[in-house]
Amino acid sequence: MFTFRLVPFFPVAPVVAAVLATALLFGVPSGTHAQALQAAPAQAAGSAAASAFDGVVVAVRQTVVAAQVPGAVVELNAKVGDRVKAGQVLVRLDARAADQNAAASEAQVQAARASLDVASKDFERQKQLFQKNYISQAALERAESEFKSTQAQARAQLAQAGAARTQTGFYVVRAPFAGVVAEVPVSLGDMAMPGRALVTVYDPAALRVTAAVPQSFASQTTAGVMPRVELPGLPAAAAWVTPSRVQMLPVVDAATHTVQLRADLPASVAGLPGVGPGMFARLWLPAPQAQAVAGAVPGTASSASASVSVPLKSIVRRAEMTGLYVLDPNGKPVLRQVRLGRVEGDRVEILSGLMAGEQVVLDPQAAARVR
């Protein structure tokens, strides 16, 4: 007789699928991928003989055009961002009452001129009668006095009419120079009062960067050496600018013990899109001695501090987080949040979150796959 034995049978395909799923879920051993990751050490950034100070871009020529007379705004020809020419009409105020006063003054001038004409002819007749001894000296003097009085009144009326015409000109607000409209705090129908701002205009071709420099650092700044201006808001190719002129004010702030430094931007840079008053900037100043002066003024940074630079391709941006992958002592990549600084070529400065010598993963996508 033949005996049959039942042997359990396990399909191969489900077992392989389960193993692959487990590998995808829990990852492969970290050492396998970590050894293949390309990393580079973080290098010290900049030179210890240069320090950066936070500044702001301001306009050399900026004017707040205000009202000189009261009146309702009946015409508004300016919007924020518009380029205007010198003398261009920006705002018109209701000038009906002023126009009527000017017309009344002109009528009074005409009446005064007519009276002056009559007085002039009467004085001429009185002089002829005096020459023929028909009137006395006293009568001639009275006629001359009346003529001079009428002449003075005519001049007064003429001056008053000129003042009325000048007053009507105050109801038309014009641009003082060619520039860009930065602010229009009024709208049609608003009541303008003397001194109230109507339009703010600045010259985009004349901009400069102002920064507060510590007094101790300003006294040791190398004379004759032009600082560099960094505009982080511009592309990397145009972010670094050499100012055309630098001025350090002689007045020291008694509260912060700082000196204001002004660096004029070239016209070619000031005319670039995106460059305008209020823009953030940095002034990099060379110093003869390497000093950690960043702590003297809040908001300043010095290249003498522990700032480092890494390749730009190693930066990871996820929503509002900016970071990079750093290899821990076991060789496993760890995502770390950092604060970025200036960009120079293919490298970026790390202001905080990283120390010099730490190994930074060059391929963030490969590091993200390591569990």
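The values are calculated or read from the model by the stated rules, or taken from the named source; none is laboratory data. On a predicted model such as this, the values are computed, not experimentally measured, just so you know. Backbone-built Cβ (ideal geometry, glycine too); neighbour counts: all protein chains shown.
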In the range 143-185, how many are under 15 Å from D82 (Cβ atoms) and of a type in the set (A, V, I, L, M)?
7
Evaluation of S47 against (1) over 30 Å from E349 (Cβ atoms); (2) modelled with pLDDT under 75; (3) of a type in the set (S, T, Y) (one fails), failing number
(1)
Which of the residues that make up the range 187-211 are assigned to a loop (DSSP other than H, G, I, E, B), under 20 Å from G276 (Cα atoms) and touching an Asp or Glu at 6+ places or on another chain (Cβ under 9 Å)?
A206
D82 being in contact with a Gly (Cβ under 9 Å, 6 or more places away or on another chain) and either under 25 Å from V269 (Cβ atoms) or outside the structural domain of D264 (by TED's automatic domain parsing) (or both):
no
Taking the condition surrounded by 15 or more Cβ atoms within 10 Å (Cβ to Cβ), in contact with a helix residue (DSSP H, G or I) (Cβ under 8 Å, 6 or more places away or on another chain) and farther than 30 Å from P273 by Cα, does Q151 pass?
yes
Residue among V343, V360 that is farther than 18 Å from A236 by Cβ and either in a strand (DSSP E or B) or in the same structural domain as A237 (by TED's automatic domain parsing) (or both)
V360
Residue satisfying condition, being of a type in the set (A, V, I, L, M), under 19 Å from G341 (Cα atoms) and modelled with pLDDT of 85 or more, within set V209, V246, V259, V252:
V209
